[in-house]
Amino acid sequence: YYTGSTQNVVGYSATENIAEGQDKLVDLEKITPTQENCSVSAINVGTYYMNLDASTFKYADSNNVNVTFNIVSDGYLTINKRSLADVSCQLSPEYKIYNGEVQDAPSPSLFYGGVELSKDTDYAISGDTKAEIVKRDVAGNIAAYEITISALSSSPYIGEITKQWYIVPAAVDIYIHGNLRTESYSGSSFRVEGLDFEKTIKPDWLDDDE
């Protein structure tokens, strides 16, 4: 499977077709090229062949043994696409605070083998990519929005994964301050009226100490 690094296959197998009683005439270790010199390497998804050629094989004792080489099957390396299920995927943050406006879903970070995948190159995002209000289930609990991350056909990955994100209520603390008035006694009535408001906003899932 695709790893983002070079992978290779080395060597071949050889069998001899000789008359009975002559099995000691051929020493397979006298064949060139050697196992180590027959290989193929690749990084990307695909099938890569060694391109073994019978004309390039030689037998060291050709003076006494006439060896004919036949390629039965070529050696090859196949690198298949990697499933997105093998990829590390995180949303940060998973929560957004209600602000009365349409908000984008958090951007995912996808990594495999220490390398970050690229949006629109390796994958696309669909589903609840935007939302405005707090979503709740039938019991009134905060429910999740969901995005689907799908591998692009042109990428070395395959499949899809889903991630959840939330819009949580904004908690507003309102502090009320009555207006103040100070007067000297005059025997007549005085009146003070009006209020001042002060507010702070925070997610209601935070403790007061946070």
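The values are calculated or read from the model by the stated rules, or taken from the named source; none is laboratory data. Keep in mind that what you see is a predicted model, and the values were worked out from it rather than measured. Please note: Cβ atoms are built from the backbone with ideal geometry, for glycine as well, and neighbour counts cover all protein chains shown. Only protein heavy atoms, including side chains, enter the accessible area calculation; ligands, DNA and RNA are left aside. Shrake-Rupley method; radii C 1.70, N 1.55, O 1.52, S 1.80 Å.
Summary table below
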read-out	value
Note, ³J(HN,Hα) from phi for segment 89-95, Karplus 6.51, -1.76, 1.60, rounded to Hz, x at Gly and Pro	9, 10, 9, 9, x, 7, 10
Pair ILE176, TYR76: separation of 7 Å Cα→Cβ label points (nm)	8.0
Neighbour-limited loop hits for chymotrypsin sites (Phe, Trp or Tyr not before Pro), segment 1-99 (at most 15 other Cβ within 10 Å; DSSP other than H, G, I, E, B)	TYR1, PHE69
Gain in span if fully extended, ARG191 to TYR95, counting 0.36 nm per residue against the direct Cα distance	29.8 nm
Kirkwood-based shape ratio for segment 26-175, expressed as Rg/Rh from alpha carbons	1.38
Share, in percent, of DSSP beta bridges within segment 66-144 that are antiparallel, nearest 5	90
Per-residue HN-Hα couplings for segment 26-35 [Karplus 6.51, -1.76, 1.60; θ = phi - 60°; Hz; x = Gly/Pro]	10, 10, 4, 6, 8, 7, 10, x, 6, 4
Accessible area (Å², per residue) of the chain, counting only protein heavy atoms and a probe of 1.4 Å	70
Per-selection Kirkwood Rh - segment 4-108 (Cα, Å, 1 d.p.)	18.8
Percent antiparallel among DSSP beta bridges (both partners in the chain, rounded to 5)	85
Whole-Hz couplings from phi, Karplus 6.51/-1.76/1.60, listed for segment 66-76; x for Gly and Pro	8, 9, 10, 8, 10, 7, 7, 8, 7, x, 8
Cubic angstrom per residue, convex hull over Cα atoms of segment 123-163	63
